[in-house]
Amino acid sequence: MIRINLLRSREEEKTTKVSKRILGLMACLAGLAVVMGGAHYYISSEIGKVRAQNDAYREEINRLEVFTRDVNKYKAESADLQRRLNVIDALKRAQTGPVRVLDELSMAVPGKLWLTSLKEKDGKMEIKGMAFDNQNIAQFMTNLEKTGVIKNVELVVAQQWERKEIKLKEFTLTCQVTYAISTAGPAS
């Protein structure tokens, strides 16, 4: 009689189980490879985006560096022009200032007073002179203050001086001199 075993043998079951495990392991590895490939693709695309953005930033920096150089060049030119204007202004003051100060000084001298010495350095002026009395010296000091170009007039020394029966007052004044040019322009 012929026997037919319809049940599987244990060896076949073991090989089937091993085959299923290998197939499952391979499926897991394939899934892992797909996930890693997707992650690699995503990271590569992000790196590409960041590099493109970095390149755009570098181009912007280069463009702004050119602009910054231009701005710095214009600032340097502006500072140079301002320095030149200041020199021109100082030259104008030095040219017209002393003339104006001497003119104002001559107009401030009262009739019975005369000057013997006049020294000016760095805006400080020392005036020496003689007068018949203290009232003339006081009037001269007041007139100097009113000029607008001479400030802070101070009497340093006033002493009696006598020569051939003539009594005179010898005096020394100090003051500040301003050579500022008036904005109204020269008077006609």
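Computed from the coordinates by the stated procedures, all read-outs in this text should not be read as laboratory data. A quick note: this is a predicted structure, and the numbers were derived from the prediction, not measured. Cβ sites come from the backbone with ideal geometry, for glycine too, and all protein chains shown count toward neighbours.
Given a 10 angstrom Cα cut-off, can you work out which residue in GLY37, GLY111, GLY97 is the most mobile in a GNM of the chain?
Taking springs between Cα atoms under 10 Å, the residue moving most is GLY37.
Run the quick spin-label model on MET26 and ALA138: label points 7 Å from Cα toward the beta carbon, then report their separation in nm to one decimal.
12.7
Any idea what log10 I(q)/I(0) is at q = 0.08, 0.09, 0.17 Å⁻¹ for the chain, Debye with uniform C-alpha scatterers and no solvent?
Log10 of I(q)/I(0), two decimals: -0.61, -0.67, -1.11.
Can you give me the Cα centroid spacing of segment 73-103 and segment 123-175 in angstrom?
First find each Cα centre; the distance between them is then 33 Å.
Most mobile of GLU65, GLU104, GLU165 per a Gaussian network model of the chain (Cα springs, under 10 Å)?
Top of the fluctuation ranking is GLU165.
In straight Cα distance, which aspartates and glutamates are under 18 Å from LYS146, not counting same-chain residues fewer than 8 positions off?
By straight Cα distance, LYS146 reaches ASP103, GLU104, GLU126, GLU154.
State the volume of the convex hull built on the alpha-carbon positions of segment 97-177, expressed per residue in Å³ and rounded to an integer.
80
Give me the number: length gained by fully extending ILE88 to LYS14, i.e. 0.36 nm times residue separation minus the C-alpha to C-alpha distance, one decimal in nm.
15.8 nm
Under 18 Å between alpha carbons, and skipping anything fewer than 8 positions from LYS14 in its own chain: which lysines qualify?
Correct list for LYS14: empty, as no lysines qualify.
Build a GNM of the chain with springs between Cα atoms under 10 Å: which of ALA94, ALA33, ALA56 gets the top mean-square fluctuation?
Looking only at ALA94, ALA33, ALA56, the largest GNM fluctuation is found for ALA33.
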